[in-house]
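Notes to accompany the following structure.
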Amino acid sequence: MTTTATEISTPRYRSDDLVSFCEALYKARGMRADIAAISARILVEADLLGHSTHGMALLAGYLGALADGKMRADGEPVIENQRTVAQAWHGQRLSGLWLTDKAIRTATAMAKAHGTGTVSIKHSHHIACLAAYLEAPAREGFIVMVQSSDPCTASVAPHGGITPIMTPNPIAIGIPTGGDPIMIDISSSITANGPSMRLMKEGKRAPGVWFVDSEGRGSDDPSVAYVEPKGALLPLGGLDAGHKGFGLGLMIESMTAGLTGFGRADPPQGWGANVFVQVIDPDAFGGRAALERQTDHLREISHASKPRPGVERVRLPGEGGLSRKRKQLAEGVALHETIMPALKPIAIQLGVALPVPV
């Protein structure tokens, strides 16, 4: 494979150095050590997988939220309701990355004992990249699902509408196979706010009709969703089949806001998240071996499917991300060009040394 000039000029960093850097910044803002360590690891995991808008690109905003008290640096979630295989938490505005990781570990313990476990969280802070939570439990043989919404903001229109009523509402699921897990991470809208705002700042357009303007016209210009008079992001499926994404978004709203009891019917309380986490142990059903026999076959027939012109081969969800992760673990993480410039002045202010490129 030929190395491009962009790849040569882009600094790369050891992933462990990036984790240590993020952890040091969190701790310099007063975050408890164990919360900082897990939050840092999940942020860098997103960049390893190639989700560059939902990894370290979010750190400056998180540090700002710690500074102004909109994210708590210490504490524990409050268990407001509990049964054998289900818990409902108040997240206390703690790090959403740490809370989600903790919820997965809690749900996994329930699944090991009883076949399944579910945790819902309200009043969490933002949870970043959902794909970053999937690999470890899926490799252990568990199906893991994460859903999220932010009831305090709206950028996605309902199908047939213009006025935004919900967030991109992502859903992610990790599924065991005999090899790499299947890792699905999609939003109920065509695109999310992070990629859209990056396109707008770079003066670029989307590769398709991803937005609706204030007059109801489809557009590839991201600014129509953010500049007055505002339009919105379109639901998954776009102008023609957006009823599918709208329905998915409504389902995620019910599983997150509905089950936690805090949502769009309540006064907004700032940037954050409602979260739904569920873990399933296949051995409580047909067994892990039976699941993997089916998922391995799905992988085989997917790879054997005749590709469209211009497509090298059909891939399963997660294959590209895990391939990028292996490459970046070996060669260094290539961060998006905007990330270090945004973090450098904060690091200088807090007395945290910048990581050295490899």
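Derivation of every value follows stated rules applied to the coordinates shown; laboratory data play no part. The structure presented is a predicted model; accordingly, all values stated were derived computationally and were not measured. No Cβ is skipped: glycine too gets one built from the backbone with ideal geometry, and neighbour counts run over all protein chains shown.
Could you run the Debye sum over the Cα atoms of the range 216-358, one equal point scatterer each and no solvent, and tell me log10 of I(q)/I(0) at q = 0.17 Å⁻¹, two decimals?
-1.31
With springs connecting C-alpha atoms under 10 Å apart, model the chain as a Gaussian network and identify which of V209, V146, V275 has the largest mean-square fluctuation.
Judging by the Gaussian network model, the answer is V209.
Using the 10 angstrom Cβ neighbour count as an exposure proxy, how do W210, W271 rank, fewest first?
In order of increasing Cβ crowding within 10 Å: W271, W210.
Using the basic label-point model (7 angstrom from Cα toward the beta carbon), what is the S323 to L239 distance in nanometres?
That separation, rounded to one decimal, is 3.4 nm.
Can you put T177, T260, T84 in order of Cβ neighbours within 10 angstrom, beginning with the fewest?
On the way: T177 20, T260 24, T84 10.
Ordered by Cβ neighbours within 10 Å, fewest first: T84, T177, T260.
Could you calculate the contour length gain from H114 to E228, that is, 0.36 nm times the residue separation minus the distance between their Cα atoms, to one decimal place in nm?
35.9 nm
Please list 3J(HN,Hα) in residue order for the range 221-227, calculated via the Karplus relation 6.51 cos²θ - 1.76 cosθ + 1.60 where θ = phi - 60°; whole Hz, with x for glycine and proline.
Here the 3J(HN,Hα) series is 9, x, 5, 5, 8, 10, 9 Hz.
Positive end of the dipole of the chain, charges at C-beta (+1 Lys, Arg; -1 Asp, Glu), about the Cα centre: which of G174, P207, L329 has its Cα farthest in that direction?
Working it through, the farthest residue towards the positive pole turns out to be L329.
For the pairs K70/K112; K201/K325; K122/K204; K201/K306; K70/K244, note any where the Cα-Cα span goes beyond 31 Å. Write down the numbers at each step before the final one.
Numbers: K70/K112 35 Å; K201/K325 27 Å; K122/K204 35 Å; K201/K306 38 Å; K70/K244 34 Å.
K70/K112; K122/K204; K201/K306; K70/K244, as the Cα separations exceed 31 Å there.
Could you give log10 I(q)/I(0) at q = 0.11 Å⁻¹ for the chain, computed by the Debye formula over C-alpha point scatterers of equal weight, without solvent?
These q points yield log10 I(q)/I(0) values of -0.80.
Kindly write out, for the range 82-92 in residue order, the coupling ³J(HN,Hα) from the Karplus curve 6.51 cos²θ - 1.76 cosθ + 1.60 (θ = phi - 60°), rounded to whole Hz, with x marking Gly and Pro.
After applying 6.51 cos²θ - 1.76 cosθ + 1.60, I find 8, 10, 4, 10, 8, 9, 10, 10, 9, x, 6 Hz.
Return the Rg/Rh value of the range 173-272, two decimal places, where both radii are evaluated on C-alpha atoms and Rh is the Kirkwood radius.
Dividing the radius of gyration by the Kirkwood radius yields 1.04.
Consider all pairwise Cα distances in the range 44-196 and report the whole-number % of them above 23 Å.
Within the range 44-196, distances greater than 23 Å cover 41 percent of Cα pairs.
Could you line up E319, E312, E135 from fewest to most neighbouring Cβ atoms inside 10 Å?
Final ranking by Cβ density, sparse to dense: E312, E319, E135.
Treating only the Cβ atoms of Lys and Arg (+1) and Asp and Glu (-1) as charged, compute the dipole magnitude of the chain about its Cα centre; round to the nearest 20 debye. Before the final figure, lay out the partial values.
Numbers: 35 positive and 35 negative charges, 34 e Å.
Roughly 160 debye, rounded to the nearest 20.
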